[in-house]
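Peer 1: Okay, handing you the structure first.
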Amino acid sequence: MRRLYFFSLLILISACHNGKEMDLIIHNGKIHTMDDNNTIVEALVVKNGKIVEIGPERQILNKYWAKETIDLQNKDVFPGFTDAHAHMLGMARFKLAANLVGSISLDEMLVRLQKYDQKNRYTFLLGMGWDQNLWDKSEMPTNEKLNELFPDKPVLLIRIDGHAALVNEYALRRYKIDKNTKVVGGEILKNEKGELTGLLLDNAIELIRAKFPDFSVSNLEKSILEIQQELLSYGVTDVHEAGLTSKDFQLLDRLYSKKKLQLGIYGMLYPSRENIQFAKKKGVYINGNFLVRSFKIIGDGALGSRGAFLKKPYTDAPHRHGFLVTSYTEMERIAKIAKFTNYQLNIHAIGDSTNRLVLELIKAYTTNNPDHRWRIEHAQVLSKSDYKLLNETGAFPSVQPTHATSDCGWAEKRLGKTRINDAYAYKSILSNSQMGMMAFGTDFPIEQLNPFLTIHAAINRTTEANEPIDGFMIQEAVDVTTCLKAMTIWAAFASFQEQNKGSLETGKEATFVVLQNPFSPVGNFSPNFSNLTVIKGVKVFEFE
């Protein structure tokens, strides 16, 4: 009798459900698929982490039933956003270090350091985020006051762009740096008397950073997981990690092995001996949502610290051209290894001279591989005379729109009225790129990790405060569709993942974000957040 009752109950339950059983249905929404036709549909079906079908609401609900069904109430849905150039480990250390962002003077920076030191009492002092362009005199700092306040522990203060640092006398002595120390691809600055000022540029920073104490692994892991949560709250489901040491790669790899990271990370390895051996031995490496198949080279410095390598001198420093952080010979060596291991090569290039050299390198080493997808990270100052070479090489531009709006107050001082037209020219670069694609990122922690600020900067060319009023070089703004593709399907293509993610299509991963507010990116900045973030069919963030 019990068996008959149970069997009858099953029949009754089955009768209440029409069609095939699925894991999740979302419906009554504006689902932006980001496919080739930019199709917008009402409903989407998920099974085992994959999209089974998309289409009209009535069609989907009549054909399928699911363990969970979500009425979107006409909300906007997009593929999960990708930040195509960021620094997870840099951000993790930034969260643990003294925060110097927004300091309006050297004195304010020192006060922040004192308060941080009194609270934390580490045996070292790491600060990050200062920018002398916000100070009255806009001059690079020296370490006299730093020496007075911190005479007995090493202090390392990294500029907002990561390409300049101020250190105290104790650190110089401890790490054996003096006026006779030589460095290639960087500079140890001296005053008119030949004395060290404590200011280091690019490779000179590594003389200290490579030996400088680090935060504990447990603190770093906790910080990384906090960053993941913040990214998911904005609907960012993938990050291209733009430079991993062997130590930092291992840290991320452990987190994935322990199932603590759900975020998709595409890792670019710095070409150290350990990382090269790893690439030769393992090839393309996958651990859960962690994918490694590229090398990252730092070509030159940054514009803000006058380390970007320019064809002609800086307008506001006629004696300076900047410099290559990595020599062309060394770039060639890594290019050969990348070609041998079938790894992508991604090269940081800010100055017009570096961009030219990188394009020539890519052309020389990818002639027989039409699908190399080697990337220029930043492409910040690219001469229009080199657009032809950009098109010929098929180099993939990876840019950060918020750099344009952050730098607009001083960039013309560095480059002058004519050369500024070659900078942050995303629309022009896109129209001259062979692929007709580019990827957008933030470069956090240099910029905020909020993807809606990226969207705002790309489309409106203004800051969060909507300045400048008419937009910075507004002729280089891109349209909404271009911006969204650069943060979804084109970013997936830039990391060889377009077959699995980047658009909401049948057979692809069910990775998407449901926005809290209507999507309205044109005009004044409109904050937005995730209402629901899903990765491979699993809810990883839900607004409460």
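The values are calculated or read from the model by the stated rules, or taken from the named source; none is laboratory data. A quick note: this is a predicted structure, and the numbers were derived from the prediction, not measured. Counting neighbours? That spans all protein chains shown, and the Cβs are built from the backbone with ideal geometry, glycine included. For accessibility, only protein heavy atoms count, side chains too; no ligands or nucleic acids. Shrake-Rupley method; radii C 1.70, N 1.55, O 1.52, S 1.80 Å.
Peer 1: Any idea of the accessible area per residue across the stretch 340-473, 1.4 Å probe, to the nearest Å²?
Peer 2: Result: 33 Å² of accessible area for each residue.
Peer 1: Could you go through the stretch 497-509 in sequence order and give the Karplus-derived ³J(HN,Hα) for each residue, using 6.51 cos²θ - 1.76 cosθ + 1.60 with θ = phi - 60°, rounded to whole Hz, and x for Gly and Pro?
Peer 2: For the stretch 497-509, the Karplus-derived couplings read 10, 5, 6, 10, 8, x, 8, 9, 9, 3, x, 8, 4 Hz, x marking Gly and Pro.
Peer 1: Here's something else I'd like to know. Amide H of His240: which non-local residues (sequence gap of 5 or more, or other chain) have their own amide H closer than 5 Å, using H built in the peptide plane?
Peer 2: Correct list: Asp83, Ala84, His85, Ala86, Tyr266.
Peer 1: While we're on this one: When only DSSP loop residues count, what trypsin sites (Lys or Arg not before Pro) in the stretch 210-264 have their Cβ near at most 16 other Cβ atoms within 10 Å?
Peer 2: Answer in residue order: Lys211, Lys258, Lys259, Lys260.
Peer 1: For the pair Ala465 and Val101, how long in nm is the line joining their label points, each one 7 Å along Cα→Cβ?
Peer 2: Result: 1.6 nm between the two label points.
Peer 1: Over the stretch 87-129, average the accessible area per residue using a 1.4 Å probe and give it in Å², no decimals.
Peer 2: Solvent-accessible surface per residue comes out at 45 Å².
Peer 1: Per 0.36 nm of contour for each residue apart, how much would the distance between Asn500 and Ser383 grow if the chain were fully extended, relative to their Cα-Cα spacing?
Peer 2: 38.6 nm
Peer 1: Check each of the GluC sites (Glu not before Pro) in the stretch 191-287 and keep only those in coil by DSSP with at most 15 other C-beta atoms within 10 angstrom; list them in order.
Peer 2: Taking the stretch 191-287 and a limit of 15 other Cβ atoms within 10 Å, the loop GluC sites (Glu not before Pro) found are Glu192, Glu195.
Peer 1: Next question, about the same structure. Is there a quick way to get the dipole size of the stretch 222-309? I mean about its Cα centre, with the Cβ of Lys and Arg at +1 and of Asp and Glu at -1; what is the value in debye to the nearest 20?
Peer 2: Approximately 420 debye in magnitude.
Peer 1: Related question: Counting Lys +1, Arg +1, Asp -1, Glu -1, what net charge surrounds Ser233 among other residues with beta carbon under 14 Å of its beta carbon?
Peer 2: -4
Peer 1: Just to confirm a number: summing +1 for Lys and Arg and -1 for Asp and Glu over residues other than Lys247 whose beta-carbon lies under 10 angstrom from that of Lys247, what do you get?
Peer 2: So the surrounding residues net to -3.
Peer 1: Still on this structure: Per residue, how much accessible surface does the stretch 211-283 expose to a 1.4 Å probe? Answer in Å², no decimals.
Peer 2: The answer is 41 Å² per residue.
Peer 1: Label-point separation (nm) for Lys67 and Lys339, each offset 7 Å from Cα along Cα-to-Cβ?
Peer 2: Those two pseudo-labels are separated by 5.0 nm.
Peer 1: Stick to the Cα atoms of the stretch 208-262, pair each with every other, and give me the Kirkwood hydrodynamic radius in Å at one decimal.
Peer 2: 12.5 Å
Peer 1: Another question about this same structure. Where does the Debye-calculated log10 I(q)/I(0) of the stretch 52-142 sit at q = 0.24, 0.26 Å⁻¹, using only Cα point scatterers of equal weight, no solvent?
Peer 2: Here the Debye-derived log intensity ratios amount to -1.21, -1.30.
Peer 1: With just the Cα atoms of the stretch 186-230, tell me how far they stretch along each of the three principal axes, in Å, largest first.
Peer 2: That works out to 49, 21, 14 Å along the principal axes.
Peer 1: Out of every Cα pair in the stretch 329-386, what percent are spaced more than 19 Å from each other?
Peer 2: 25 percent
Peer 1: Please report the spacing between the Cα centers of the stretch 400-421 and the stretch 173-196 in Å, no decimals.
Peer 2: Cα centroid to Cα centroid, the span is 30 Å.
Peer 1: Using only DSSP helix segments of four residues or longer, with each worth -39500 (n - 2.57), what per-residue ellipticity at 222 nm results for the chain after dividing by its residue count and rounding to 500?
Peer 2: Using -39500 (n - 2.57) per qualifying helix, the result is -10000 deg cm²/dmol.
Peer 1: Still on this structure, I have one more. Can you pull the percent of the chain's accessible area that's carbon plus sulfur, 1.4 Å probe, other chains left in place?
Peer 2: 51 percent
Peer 1: Over the stretch 229-319, consider all pairs of different Cα atoms and compute the Kirkwood hydrodynamic radius from their mean reciprocal separation; express it in Å, one decimal.
Peer 2: 15.3 Å
Peer 1: With θ taken as phi - 60° and the coefficients 6.51, -1.76 and 1.60, list the Karplus ³J(HN,Hα) couplings across the stretch 483-489 in order, rounded to whole Hz; mark glycine and proline as x.
Peer 2: For the stretch 483-489, the Karplus-derived couplings read 4, 5, 5, 5, 10, 9, 5 Hz, x marking Gly and Pro.
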